[in-house]
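Presented below is the structure to which this report refers.
What follows draws every value from the coordinates through simple rules; no lab data is involved. These figures come from a predicted structure and were not determined experimentally. Methodologically, a virtual Cβ is constructed for each residue, glycine included, from the backbone with ideal geometry; neighbour enumeration extends over all protein chains shown.
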Amino acid sequence: MDDLIYELNVLKKIVAVNTDSLTKIGYSECAEIIAEEADKIGLEVEIYDSKTKSSDNLPRPNVVATLNVGAPKTILAAVHYDIVPPGNGWSHDPFTLTVVGEKAYGRGAADDKGAIAALFGAAKKVGKEAKTNFKILITPDEEVGGELGLGYLINDIGIKGDEALIVDAGNEFLSIGASGIVTGTIVVKGVQGHAGYPHKALNALQGIGHLIVELDKFKEFREKKLSKLDAPPESIKDKIWGRFSVTMLKSGIKSNIIPGVAELTFDMRLIPEEDVTVAENELREFLSKVDLIGKGYKIDLKVAQRGGNYYTDPRLPFVHNFKECVEKVVGRSMPLAAELGGNDGRYTSSKGIPTISYGPIAEDTNFHGVNEFIWLKDIRVVRDAIVEYLKVG
Ligand SMILES: [Zn+2]
């Protein structure tokens, strides 16, 4: 643990500040501590507050801490300081970092404050030996979408880099892509009526029931779409695959009224290389052929959220070299795969910056749950892998 004194000290200070992403409490205080720590180890510090773009006008300071060695190349590393509320039932105070054996407990210790500590540790350790500039982007609001965090720095401030590392990530594999998403609602319209006179109505709830059964075929069609990129270890398929789920259902007013409208919510996951418009049109096409329409029903599709998928070419030297550095530090081979979920890499990747995700959030760390902790070894591994990479350039 001796070699983690600096990192645990930084982590302790930032875990102590409640940075709940819902209330935005503590954002300014935490960003100030981070800026101060960055300054102490010789990093250049800039702060960009995205509050003017928000609807609540609450401060959202984004801290950019740069180890500038005057190199032609700059690597970006993205982390976030906001957290989800701790909830009840903790064995230790969630805002007091508590080290027990090989674990350090605290809300955000794993997701994602431990990564901030690891990155600062890396910058401090490598110092002027770095062959590449190292820009650490420490943002709020990741837990609520990242638009005013990493999205703001990349899209509005125009922060640039040649390569990007998303350190808000796990360490079971090196992630070189993420799944995208299309969510929305499908509205089935029939004719509302009195349950005593069903022949005068067209039951939207029964219509949508039929549609849900039909959508199984669309789900099967989606599942045939396979990515070139591997799925995470222990997935049910070798490659990332297309998915479609019905997630919510809404209809009905009263037991004696036949509902005229029914609505289902869906969540469709795209493979990393899929075109979102094509995927959306395939769903529209499918819906236009469902045999409800001939029976007098109307079907409407409303898309709420779309996009976010990306992938990085595994043949790039960045991928190859970073993989080697990680493998050297962990002492075993690291699989390359893409995520079944999405991540903030969509912001850097959308600017053409090759993006890899790798971080200290092990699967068993209860992140977002009660008694969240980080494995001390994972802070060390992430720090040292990044040090190795910065030395190679
Ligand atoms: Zn996170």
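See the values below:
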quantity: Segment 138-192, residues that are under 26 Å from Val329 (Cβ atoms), assigned to a strand (DSSP E or B), away from the ligand (no atom under 16 Å from the Cβ) and among the small types (Gly, Ala, Ser); calculated: Gly177
quantity: Matching residues, segment 73-100, being among the aliphatic types (A, V, I, L, M) and in contact with a helix residue (DSSP H, G or I) (Cβ under 9 Å, 6 or more places away or on another chain); calculated: Ile75, Leu76, Ala77, Ala78, Val79, Ile83, Val84, Leu97, Val99
quantity: Selected residue (criterion: surrounded by the most Cβ atoms within 10 Å (Cβ to Cβ)) from residues of segment 348-381 that are aromatic (Phe, Trp, Tyr) and more than 14 Å from the ligand (Cβ to nearest atom); calculated: Phe373
quantity: Selection within segment 45-72 - in a strand (DSSP E or B) and either under 16 Å from Gly149 (Cβ atoms) or in contact with a helix residue (DSSP H, G or I) (Cβ under 8 Å, 6 or more places away or on another chain) (or both); calculated: Val45, Glu46, Ile47, Tyr48, Asp49, Pro61, Asn62, Val63, Val64, Ala65, Leu67
quantity: Whichever residue in segment 20-33 is closer than 16 Å to Asp141 by Cβ and touching a helix residue (DSSP H, G or I) at 6+ places or on another chain (Cβ under 7 Å) and, among such residues, is surrounded by the most Cβ atoms within 10 Å (Cβ to Cβ); calculated: Cys30
quantity: Options Lys135, Lys131, Lys113; residue that is within 14 Å of the ligand (Cβ to nearest atom) and among the charged types (D, E, K, R); calculated: Lys113
quantity: Residues (under 19 Å from Gly108 (Cβ atoms) and surrounded by fewer than 18 Cβ atoms within 10 Å (Cβ to Cβ)) located in segment 34-65; calculated: Glu36, Leu58, Pro59
quantity: Matching residues in segment 112-134 - criterion: being among the basic types (Lys, Arg) and either surrounded by fewer than 24 Cβ atoms within 10 Å (Cβ to Cβ) or assigned to a loop (DSSP other than H, G, I, E, B) (or both); calculated: Lys124, Lys125, Lys128, Lys131
quantity: Of residues in segment 193-221 being among the aromatic types (Phe, Trp, Tyr) and part of a helix (DSSP H, G or I), the one surrounded by the fewest Cβ atoms within 10 Å (Cβ to Cβ); calculated: Phe221
quantity: Number of the condition not met by Glu282 [criteria: (1) of a type in the set (Asp, Glu); (2) part of a loop (DSSP other than H, G, I, E, B); (3) in contact with a helix residue (DSSP H, G or I) (Cβ under 9 Å, 6 or more places away or on another chain)]; calculated: (2)
quantity: Residue count, segment 71-110 (criterion: in contact (Cβ under 8 Å) with a residue 40 or more places away in the chain, away from the ligand (no atom under 16 Å from the Cβ) and under 21 Å from Ile154 (Cα atoms)); calculated: 5
